[in-house]
Amino acid sequence: MREICYRGRGLRSKIWVRGYYWTNENGNHFIRQTVDLNGCFRIEDIEVEPETVGQYTGLKDKNGVKIYEKDIVQQYNIKANGVIKYKHCQFGIVCLDMFWNIHTPQVEVIGNTIDNPELLELEGE
């Protein structure tokens with residue numbers, strides 16, 4: 001069974017958090033995470049920037065890094081970096097105006113569209 005998890009960047013802290021994603025009646029976006037305080041666990045709801053929220057694909061890259069929506073990846077058989085998106089009822093890599101399947105032994109997460117948009121710039125531009 002696939003792990004359902006989301007990540008988002010904290011609205012105030014600008015720190016990435018992972019956990020359960022939810023919104024309240026006012027339209028605020030939150031990630032609920034469990035914090036371990038020396039064996040005592042506390043649940044925290046961190047308000048996040050909605051445009052940064054991405055779901056875990058259930059896959060890991062060639063280095064064992066979890067792959068999330070909006071991650072920027074390199075795939076050895078594609079000459080440009082791609083972005084992980086959910087399209088056609090599946091997660092895939094959008095690159096060079098095409099939608100590619102994710103072949104995890106060939107994919108490496110190199111950043112994300114929020115922190116590293118420059119990784120998507122085409123060479124020579």
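Things to note:
- Verdict on Tyr56 being in contact with a Lys or Arg (Cβ under 6 Å, 6 or more places away or on another chain), at pLDDT 95 or above and either of a type outside the set (A, V, I, L, M, F, W, C) or more than 21 Å from Ile84 (Cβ to Cβ) (or both): yes
- Qualifying residue in the stretch 65-75 (condition: surrounded by 20 or more Cβ atoms within 10 Å (Cβ to Cβ) and of a type in the set (Ser, Thr, Tyr)): yes
- Every residue from the stretch 29-43 that is farther than 21 Å from Tyr68 by Cα and either more than 22 Å from the chain's Cα centre (by Cα) or at pLDDT 95 or above (or both): Asp36, Leu37, Asn38, Gly39, Cys40, Phe41, Arg42
- Filtered residues of the stretch 18-61 (kept if small (Gly, Ala, Ser) and within 25 Å of Asn101 (Cα to Cα)): Gly54, Gly58
- Taking the criterion of being surrounded by fewer than 16 Cβ atoms within 10 Å (Cβ to Cβ) and assigned to a loop (DSSP other than H, G, I, E, B), the residues of the stretch 28-53 that qualify are Asn28, Asn38, Gly39, Glu49.
Yes or no, residue by residue, for (1) assigned by TED's automatic domain parsing to the domain that holds Lys14; (2) touching a Gly at 6+ places or on another chain (Cβ under 9 Å); (3) part of a strand (DSSP E or B):
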position	(1), (2), (3)
Ile72	no, yes, yes
Phe99	no, yes, yes
Ile110	no, no, yes
Asp115	no, no, no
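- Unique residue being in a strand (DSSP E or B) and either out of contact with any Leu (no Cβ under 9 Å at 6 or more places or on another chain) or not hydrophobic (A, V, I, L, M, F, W, C) (or both) when the list is Leu119, Leu59: Leu59
- Considering the stretch 6-27, the residues that are under 20 Å from Gly111 (Cα atoms) and not in a strand (DSSP E or B) include one that is farthest from the chain's Cα centre (by Cα), namely Ser13.
The values are calculated or read from the model by the stated rules, or taken from the named source; none is laboratory data. Everything numeric in this text was worked out from a predicted model, so none of it was measured. Neighbour counts are summed over all protein chains in view; Cβ atoms, including those assigned to glycine, are modelled from backbone coordinates with ideal geometry.
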